[in-house]
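The values are calculated or read from the model by the stated rules, or taken from the named source; none is laboratory data. Predicted model only: the values in this text are computed from it and were never measured. FYI the Cβ positions are ideal-geometry reconstructions off the backbone, even for glycines, and counts take in every protein chain you see. Keep in mind that these areas ignore ligands, DNA and RNA; they rest on the heavy atoms of the full protein, side chains included. Shrake-Rupley method; radii C 1.70, N 1.55, O 1.52, S 1.80 Å.
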Amino acid sequence: DKLKEGLAKTRDSLTDKFNEVFGLAVTIDDDLYDELEEVLITSDVGYETSVDIIERLKKKVRTEHISDVALLKDAMRDVLAEYMESEEPFDTTGPMVILVIGVNGVGKTTSIGKLAHKYRADGKKVILAAADTFRAAAIDQLEIWAKRAGVEIVKHQEGSDPAAVVFDAVQAFKARKADVLICDTAGRLHNKKNLMNELEKINRVIDREIGDARKYSMIVLDGTTGQNAIVQAREFKSVTNLDGIILTKLDGTAKGGVVFSIKQTLDLPVLYIGVGEGIDDLQEFDPKAFAQVVI
Ligand code: GDP
C-alpha cells in the first residue's frame, strides 16, 4: 500500500537490518539486544531513544516471559507502536483553526495544500490564510494550492501585517461558518525575536477571535533531515506553543526512524506524515501501521 511504498527507503535501511538481526538470532540475550540497539542508532532513531526502546523491550520480555526469538519481533513491533502513541488522539471534529509553523523548504505550503484537500474530502469547509506575507512567492504558492484543493484563501499584499491577514481570515471563517481555517506563517528562524513577536501577535488575534473553535499549532518538519528536524522543533518550541507535528518527505529518506525519537525528545505527537509530492500524499499518522511497516 501507499505507506509501504512511501517508506521504501526507510524500510531498506531499518527493516532490512531488523530482519537480518532477527533472522540470525537464536537466543534472546544481551548480544541480541545490543544488535537491535545498534540497528536503531544507525537508522537515525537517536541514541537516547534507542536505549530507551531496548529497555522497554527487555521489560516486556521479562514481564511477558517471552523466550522465543520469533515472538521477540512481535514484542519489538508493539514497543515501537506504543512508543509513538499519544494519550489524546488528534480530534478533527468541530471548528478548528490550525496555525502551521516551520522554516522555508520543509514542505509547509505543500502540507497545507494536502491538509486542505484532505479536510475538504472529509466534507469540511476549509479556508486558508496566507499569513506568510514576507515573500510574495509564498502567497502565490499557497494560492495555487488553494485552487488545487478547491478551497478559499484570504490574502493581503506582500509585506502586510500577518496578524491582520489572520484577523480577516478568522472573520471569514466565522462569517462563512467554515470548519477549518489553516494559517500559513513565515518561517524565519534566523530572526528569532521577530518570529517570536509575529507568532505572539498572531496567537493573540486567534485566541481573542476564534470563539468556540479550537486552535492547534502544528510544526512542519522535514523528515530527510533526521535528527536535525528535532533540533529545529526545539528552537520553535522555545518561542511558541506547539501541539503536534507534520513530518514531511518520508518517501525520500532512509531516516524515517526519526519518528520514534520525536515523541520522547519533544513530547509532541506526529499527526501527519508526508509520503510524496502529490495532493493525496499526506497521511494521518498511525503508530501501529507505521511500526507494522518498518518491522
Ligand atoms: P515550504 O517552503 O516549506 O512551503 O516548502 P514547499 O511546500 O514549497 O515544499 C518544498 C519542496 O518539498 C517542494 O518541492 C515539495 O514538492 C517538496 N515536498 C513537500 N512535501 C513532500 C513530501 O512529503 N514528499 C516529497 N517527496 N516531497 C515533498
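Here are some notes:
- Checking every residue in the range 256-271 against the condition of being within 12 Å of the ligand (Cβ to nearest atom), surrounded by fewer than 22 Cβ atoms within 10 Å (Cβ to Cβ) and touching a residue at least 60 places away in the same chain (Cβ under 8 Å) gives zero matches.
- In the range 173-184, the residue that is least open to solvent (accessible area, probe 1.4 Å) out of those that are closer than 24 Å to ASN241 by Cβ and charged (D, E, K, R) is ASP184.
- The set of residues in the range 1-43 that are within 24 Å of THR224 (Cα to Cα), in contact (Cβ under 8 Å) with a residue 40 or more places away in the chain and open to solvent by less than 40 Å² (accessible area, probe 1.4 Å) comprises LEU3, GLY6, LEU7, THR10, SER13, LEU14, THR15, PHE18, LEU36, LEU40, SER43.
- The residues listed here are ILE202, ILE246; of these, the one that is in contact (Cβ under 8 Å) with a residue 60 or more places away in the chain, open to solvent by less than 30 Å² (accessible area, probe 1.4 Å) and outside any strand (DSSP E or B) is ILE202.
- Any chance PHE236 is more than 24 Å from VAL97 (Cα to Cα), within 15 Å of the ligand (Cβ to nearest atom) and open to solvent by less than 40 Å² (accessible area, probe 1.4 Å): no
- Applying the condition of being free of Cβ contacts under 8 Å to residues at least 24 places away in the same chain and in a helix (DSSP H, G or I) to the range 113-143 and asking which residue is least open to solvent (accessible area, probe 1.4 Å) yields ILE139.
- Options VAL151, VAL170, VAL103: the member that is open to solvent by less than 10 Å² (accessible area, probe 1.4 Å) and touching a helix residue (DSSP H, G or I) at 6+ places or on another chain (Cβ under 7 Å): VAL170
- Of the residues making up the range 215-233, just one is in contact with a Lys or Arg (Cβ under 7 Å, 6 or more places away or on another chain) and away from the ligand (no atom under 13 Å from the Cβ), namely GLY226.
- The set of residues in the range 272-295 being open to solvent by 10 Å² or more (accessible area, probe 1.4 Å) and either on the phi > 0 side of the Ramachandran plot or in a helix (DSSP H, G or I) (or both) consists of GLY276, PRO287, LYS288, ALA289, GLN292, VAL293.
- Among residues of the range 177-198, those that are small (Gly, Ala, Ser) and touching a residue at least 60 places away in the same chain (Cβ under 8 Å), counted: 2
- A single entry from GLY187, GLY159, GLY211 fulfils the requirement of being within 16 Å of the ligand (Cβ to nearest atom), part of a loop (DSSP other than H, G, I, E, B) and either open to solvent by 20 Å² or more (accessible area, probe 1.4 Å) or over 22 Å from ASP122 (Cβ atoms) (or both): GLY187.
- From LYS17, LYS9, LYS114, LYS58, residue being touching a strand residue (DSSP E or B) at 6+ places or on another chain (Cβ under 7 Å) and charged (D, E, K, R): LYS114
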